[in-house]
């Protein structure tokens, strides 16, 4: 089984390391020449809740790398999806399955438009991880990975891929309602990521402080209302509990959005709270908490270098 991971950030590297450690033929496809060189030379060092591991894994930045991989996991930032898939078309063979484990709404549609629906699976993961430095990944939360067919069918390839993930110590289950799954993940991220990036705190802090927990609940309730207007049926109490559980389970994790802010990089806010705002407007729903968080993070991005003058 040949597996490629497009996007060698924290989650992509963690997946690649686990696949390789389990004996699968895994390769990281990176956009950073420096990081790819470091990993190719010294391997990946993984620490945290899954223990300490050192894994040697191939890493490349070459877009003409021909592999005809069986599985390709897309783990890039949402705003890089189209470019990353188009750049790596040479990895795709006649029997390749591509799986997105990204944050935000719209990724699955972007990938389908490029390679067609028959090769695409969607998925989400609540595993927590961050990159301490190139080649060093801290696994901060176990979480759950769920995958599903666009059609909602339970197929043999789903079962095979879920087996590979579980065999690699990546807890995985199968969903027959992938769009509910995607919305659920977006709502989790909407409730946690923006506030952690604005306050510079780890995930667990959000549910330990009365004020931030209250804001989280309001953000989630707005998002659930929007999801229902889009035809996605979510139970409010269960969803509120899920977001809180994820925050507690990944309490020591820095959200990917906080990591982006620390590194003064563009965040995925447009594809998380911003996506909720866009969908809400289509249905004449007001979502003031999501809109405020979206605008605050956008403002933060625009003032990265102003802060250095203080």
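Find the residue count for segment 17-43, including only residues that are farther than 17 Å from residue 2 by Cα and without any contact (Cβ under 8 Å) to a residue 60 or more places away in the chain.
Of the residues in that region, 6 qualify.
When residue 123 is evaluated against the numbered criteria (1) assigned to a strand (DSSP E or B); (2) under 25 Å from residue 56 (Cα atoms); (3) within 18 Å of the chain's Cα centre (by Cα), which criterion, by number, is the only one it fails?
So residue 123 meets the others, but not (2).
Looking at segment 24-40, which of its residues are part of a helix (DSSP H, G or I) and touching a strand residue (DSSP E or B) at 6+ places or on another chain (Cβ under 9 Å)?
Listed by number, the residues that qualify are 35, 36, 37, 38, 39, 40.
Going by what's in this entry, would residue 72 be described as in a strand (DSSP E or B) and either in contact with a helix residue (DSSP H, G or I) (Cβ under 9 Å, 6 or more places away or on another chain) or more than 24 Å from residue 256 (Cα to Cα) (or both)?
yes
Does residue 83 meet the test of being surrounded by fewer than 23 Cβ atoms within 10 Å (Cβ to Cβ) and either assigned to a helix (DSSP H, G or I) or at pLDDT below 95 (or both)?
Yes.
May I ask you to list the residues in segment 150-164 that are surrounded by 19 or more Cβ atoms within 10 Å (Cβ to Cβ) and either more than 14 Å from residue 122 (Cα to Cα) or modelled with pLDDT under 95 (or both)?
None - no residue of segment 150-164 is surrounded by 19 or more Cβ atoms within 10 Å (Cβ to Cβ) and either more than 14 Å from residue 122 (Cα to Cα) or modelled with pLDDT under 95 (or both), so the list stays empty.
Within segment 188-200, does at least one residue satisfy the condition of being modelled with pLDDT of 95 or more and part of a loop (DSSP other than H, G, I, E, B)?
yes
Would you call residue 260 in contact with a helix residue (DSSP H, G or I) (Cβ under 9 Å, 6 or more places away or on another chain), part of a helix (DSSP H, G or I), outside the structural domain of residue 144 (by TED's automatic domain parsing) and at pLDDT below 95? If you could, list the steps in order and put the result at the bottom.
Numbers: in contact with a helix residue (DSSP H, G or I) (Cβ under 9 Å, 6 or more places away or on another chain): yes; part of a helix (DSSP H, G or I): yes; outside the structural domain of residue 144 (by TED's automatic domain parsing): yes; at pLDDT below 95: yes.
Yes, satisfied.
Anything in segment 44-59 that is surrounded by fewer than 19 Cβ atoms within 10 Å (Cβ to Cβ), in contact (Cβ under 8 Å) with a residue 60 or more places away in the chain and not in a loop (DSSP other than H, G, I, E, B)? List them, or say none.
Hits for segment 44-59 are 45, 47.
Which one of these does residue 9 not meet: (1) within 23 Å of residue 266 (Cα to Cα); (2) crowded, with 20+ Cβ neighbours inside 10 Å; (3) at pLDDT 95 or above?
Unmet condition: (3).
Taking the criterion of being at pLDDT below 95 and farther than 30 Å from residue 97 by Cα, would at least one residue in segment 128-138 satisfy it?
Yes; the residues of segment 128-138 include at least one that is at pLDDT below 95 and farther than 30 Å from residue 97 by Cα.
Given the options 154, 111, 99, name the one that is in a helix (DSSP H, G or I) and either touching a helix residue (DSSP H, G or I) at 6+ places or on another chain (Cβ under 6 Å) or not assigned by TED's automatic domain parsing to the domain that holds residue 202 (or both). Explain how you work it out, then say what you get.
Working: 154 fails: in a helix (DSSP H, G or I); 99 fails: in a helix (DSSP H, G or I).
Sole residue among the options that is in a helix (DSSP H, G or I) and either touching a helix residue (DSSP H, G or I) at 6+ places or on another chain (Cβ under 6 Å) or not assigned by TED's automatic domain parsing to the domain that holds residue 202 (or both): 111.
The values are calculated or read from the model by the stated rules, or taken from the named source; none is laboratory data. Here the structure is a predicted model, which means the values were calculated and not measured. No Cβ is skipped: glycine too gets one built from the backbone with ideal geometry, and neighbour counts run over all protein chains shown.
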